[in-house]
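Okay, structure first, notes after.
The values are calculated or read from the model by the stated rules, or taken from the named source; none is laboratory data. Every value quoted in this text rests on a predicted model; they were computed, and no experiment measured them. Using ideal geometry, Cβ is built from the backbone for each residue, glycine included, and neighbour counts are taken over all protein chains shown. Please note that ligands, DNA and RNA were not included when accessible areas were found on the heavy atoms of the full protein model with its side chains. Shrake-Rupley method; radii C 1.70, N 1.55, O 1.52, S 1.80 Å.
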Amino acid sequence: MYGFINTCLQSLVIEKFGEETWEKLKARVDVQDAFMTYTVYDDVITIKLIQEACSVLGVSMEAILKLFGEYFFKFCKMSGYDRMLRTLGGNLTEFIENLDALHSYLALSYQEMNAPSFRVERAADEKMLLHYYSDRSGLCHIVPGIIEAVAKDFFDVDVTLEILDVHQEEERTAKKEHVVFLIVQKSHRQMRRAKPKDSQRDQEALEAAFLRMKEKYLSVSVCPVKKSRWEVVRRIVMFGKRHLRNTFEPIYPERLWIEERTFCNAFPFHLVFDASLRVKQAGVNIQKYIPGLRTPKIRLDTYFSIVHPPVAFDIFSICQFINSPFVLKARGERLPEAGRSRPPLKLRGQMIWMESTRCMVYLCSPKLRSLRELEERQMHLSDIAPHDTTRDLILLNQQRLAEMELSNQLERKKEELRVLSKHLAIEKKKTEALLYAMLPKHVANQLKEGRKVAAGEFKTCTILFSDVVTFTTICAACEPIQIVNMLNSMYSKFDRLTSVHDVYKVETIGDAYMVVGGVPVPIGSHAQRVANFALGMRLSAKEVMNPVTGEPIQIRVGIHTGPVLAGVVGDKMPRYCLFGDTVNTASRMESHGLPNKVHLSPTAYRALENQGFEITERGEIEVKGKGKMTTYFLIRNVNASEDELMGRPRTPLHPEEASAPGNQDRTLAVMRYADSCQRLPEGDAARASDQSTPRESPAASGQDSVEAANGQRSSDETKTQRLPGEPLPSGFCALL
């Protein structure tokens, strides 16, 4: 089938059932995203789409096909065939009788179209028998949808179709499905029918007018005047019976005033044959291209076969389809040797039965679509009679074929652009995902738009630092690739935890890892999120092995809560940096911590107090640059399991629970926070960040952080000794 049919089916599914249903059907059948109008597709694709639609929507094949028939009529009207369809006939019977002629015309453009054929038998009581022939089995239920829609729209009648018989007919090339429909029509609307009272009133007025005209007729003088009595009678009849004006009775001559030679020259392509198919007469040009027709009493089926309609080549079958256009094709094997190299001649025309002579006349013309086909058959326009519109049709269709080829090329380019646009959108998403992993989303969007990102003050946030214990010793004893693999494994686990607890990763330098909660999007539970993240880090570190000892690595974590100033620094390689004493203090909490311990500052302790965390006091210690501070250790979250901290699937408590029905699909454990549903939208967070005003001396604040970070770290025995050239944690930034 042509892509026009599949496009109609796609439009139907999207309009009636939604885009998601079409995407599901397309995925099941594994078809392309769009169909091109003038491209031929395998019938299997259309059949599979219809079958999957029945499965997805839970309806029968008959209902889907009937709905498709109704929509196909609507789709043809929207596609520019409305006027062409309306002019096929003045009533439903004439419309159906001329469908084959319409298909024959469309075949000039859709050269590989294999359309069904229709035949109508008129019956009494406004009933008809519709014979439907098709090479495709199982699609007959489309016909009721189309015919009922046409009857309602064009002829204002209700129609019901009932299948009387379905059987297969063995034809010349394949099995044809023959379906007989009973069509019963009745008035669809009563708008044209007058009301009873109005009808009676109109009838009385009509009778009164008729009496007045009768009196006028009786008063007319018998003497000849300008208006005779017969004119008055004609006016009276026309007044009372206006529909009689539409009657017409032609006048036929007593004999045919044209000689045989002139007729054969005037109609160079015509054939006359009797009931036994013996040729009695042939046009001059058809004899020229089929010389065997000059043989006396030659049978027509010796040199021709019927291409359309799909009937047997006998007089009875031809009479059944007398209202259909007939297409005959010359048999190549019966032609002379010189004519066998040319494409076979096809004739298209009308069959007319002549009762007086008991013969059939076939008035036809060569069936040609373009000048190329004319040349291939070694014919010329002069071979076609001047009165035959086939001449104009060939020239017009030549232009139409060129326009169709251009339209097809444009359609293919459009499809290529659509595919490229889709791929571009996918690549854009990948690029944006990479960009948003390096910078906050609202900051990245402002930079993409070429705007400056103003620094913003965050009155409270929680910062975490971590590092690997004895990292310098591990580096000295291992190959560089082992260090890279160890850090990659550890950081991948930490990165996943940032999504679980919704904290922002700022930077990694060497073995140091920095995250912040409450920046760049302010949120009330920033301290709890960072604390749970720290507990998850400690659990994740047990899954990463020391390449030297083969034992799990040990990490040291420090947390501090306080205000910071955040902003983008630099133009060529912009970085989202945090400035302030909070950064320095958080770094000190990490450097003065203990292995596998989460070290809390006093402000972090107050933020986590009475929040469901088990915390022990470490005591008062000396902190470089800060003096004496009372610090704390975070032990655990009494209200959260390890699965929730790690964001892992829930682990059943007992083996019996794991094997219980319904527990085979384990759900993901999710941490619940009081403000999970009250988080500021990203746009609001961006505006909050943009509207924030920096402190009076941010440079001084940043300088304090640098000085504190450059100072001598504590003398804890388990602290990490950094390499001489290793960057210091004073400028933890995100690199674009």
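Structure summary
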| read-out | value |
| --- | --- |
| Test set (1) of a type in the set (Lys, Arg); (2) modelled with pLDDT of 90 or more; (3) open to solvent by less than 70 Å² (accessible area, probe 1.4 Å) - residue 342 fails condition number | (2) |
| Single condition residue 118 does not satisfy, out of (1) among the aromatic types (Phe, Trp, Tyr); (2) out of contact with any helix residue (DSSP H, G or I) (no Cβ under 7 Å at 6 or more places or on another chain); (3) under 16 Å from residue 147 (Cβ atoms) | (2) |
| Residues being on the phi < 0 side of the Ramachandran plot and free of Cβ contacts under 8 Å to residues at least 60 places away in the same chain - total across the stretch 119-130 | 8 |
| The stretch 366-400: number of residues that are in contact with a Lys or Arg (Cβ under 7 Å, 6 or more places away or on another chain) and open to solvent by 40 Å² or more (accessible area, probe 1.4 Å) | 3 |
| Residues within the stretch 65-89 that are small (Gly, Ala, Ser) and either outside any helix (DSSP H, G or I) or closer than 14 Å to residue 145 by Cβ (or both), tallied | 2 |
| Options 507, 449, 479, 457; residue that is open to solvent by 20 Å² or more (accessible area, probe 1.4 Å), under 30 Å from residue 640 (Cβ atoms) and either over 47 Å from the mean Cα position of the chain (by Cα) or not polar (S, T, N, Q) (or both) | 507 |
| Residues (hydroxyl-bearing (Ser, Thr, Tyr) and in contact (Cβ under 8 Å) with a residue 24 or more places away in the chain) located in the stretch 410-462 | 460, 462 |
| So residue 362, is it crowded, with 17+ Cβ neighbours inside 10 Å and over 23 Å from residue 108 (Cα atoms) | no |
| Cβ pairs under 9 Å, 6+ apart, first in the stretch 477-495 and more than 13 Å from residue 553 (Cβ to Cβ), second assigned to a helix (DSSP H, G or I) | 495/437 |
| Selection within the stretch 246-290 - within 55 Å of the chain's Cα centre (by Cα), touching a residue at least 40 places away in the same chain (Cβ under 8 Å) and open to solvent by less than 50 Å² (accessible area, probe 1.4 Å) | 266, 268, 269, 270, 271, 272, 273, 285, 286, 289, 290 |
| Selection count where residues are over 56 Å from the mean Cα position of the chain (by Cα) and at pLDDT below 90, scope the stretch 561-595 | 0 |
| Which numbered condition residue 67 misses (of (1) touching a residue at least 60 places away in the same chain (Cβ under 8 Å); (2) closer than 30 Å to residue 312 by Cα; (3) of a type outside the set (Lys, Arg)) | (2) |
